[in-house]
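As structure tokens, the structure follows; a few thoughts come after it.
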Amino acid sequence: MRKTVLAAVTAVSIAAVGGGALIAYGQPAPPAGPAPNGPAIEAPQTPSGPGTQWQRRPGEWRQGMMRRRWMQARTFGLLFRPADRQLTPPDVQKIAEAFLLWNGNHTWKVIDVAPTSDGQVSFAYAAPDNTVIARFSIDTKTGRLTRTG
């Protein structure tokens with residue numbers, strides 16, 4: 001008799017915990033219709049669908065961030081970044097041209113690549129008619145890019 005009661009209490013406890021978890025983490029999405037006394041209420045939009053950010057388990061955001069960081073580290077894990085990159089003007093020209101190609105721009109070009117007195121290399125993006133669009137400089141040691149004009 002005692003074993004039967006203990007088994008029944010255990011089954012009810014497991015069912016209660018499972019039901020409580022479903023209630024606690026299974027919130028429905030907010031309504032997207034017009035409010036009774038005001039403007040329409042919109043459901044929040046997220047990359048994974050409308051209103052789903054309310055239905056995530058605790059810690060799921062952190063797990064996604066760690067997974068992304070792990071994938072980035074694994075992708076570029078073979079590359080070593082030295083403290084001093086020793087960039088030269090031809091290197092900066094290649095970097096600037098690669099940026100244009102990476103973003104699908106085949107019409108602009110890189111002009112006026114020249115070292116400056118403060119350890120940087122400056123360059124400009126120009127239209128096909130040599131009209132300067134923007135000027136940048138790259139630190140030859142760290143590779144940090146700054147817009148100068």
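The residue that is surrounded by the fewest Cβ atoms within 10 Å (Cβ to Cβ), counting only those in segment 98-111 that are assigned to a strand (DSSP E or B) and out of contact with any Phe, Trp or Tyr (no Cβ under 6 Å at 6 or more places or on another chain), is Ile111. Pairs are defined by a Cβ separation below 9 Å, a sequence spacing of at least 6 or placement on different chains, a first member in segment 105-124 that is on the phi < 0 side of the Ramachandran plot, and a second member that is in a loop (DSSP other than H, G, I, E, B) and at pLDDT below 90; the pairs so defined are Ala124/Gly149.
Within segment 56-97, being surrounded by 11 or more Cβ atoms within 10 Å (Cβ to Cβ) and at pLDDT 70 or above holds for Arg85, Leu87, Thr88, Pro89, Asp91, Val92, Gln93, Lys94, Ile95, Ala96, Glu97. When residues in segment 82-92 are screened for being within 27 Å of the chain's Cα centre (by Cα) and not in a loop (DSSP other than H, G, I, E, B), 1 of them pass. The conditions of being charged (D, E, K, R) and farther than 17 Å from Pro90 by Cα are not met by Asp112.
Taking first residues from segment 83-104 that are closer than 15 Å to Phe136 by Cα and partners that are part of a loop (DSSP other than H, G, I, E, B), the Cβ contacts under 7 Å between residues at least 6 apart in sequence or on separate chains come to Leu87/Thr140; Leu87/Gly143; Leu100/Trp108.
The values are calculated or read from the model by the stated rules, or taken from the named source; none is laboratory data. All figures in this text were calculated on a predicted structure; none of them were measured in a lab. Note: ideal-geometry Cβ built from the backbone for every residue, glycine included; neighbour counts use all protein chains shown.
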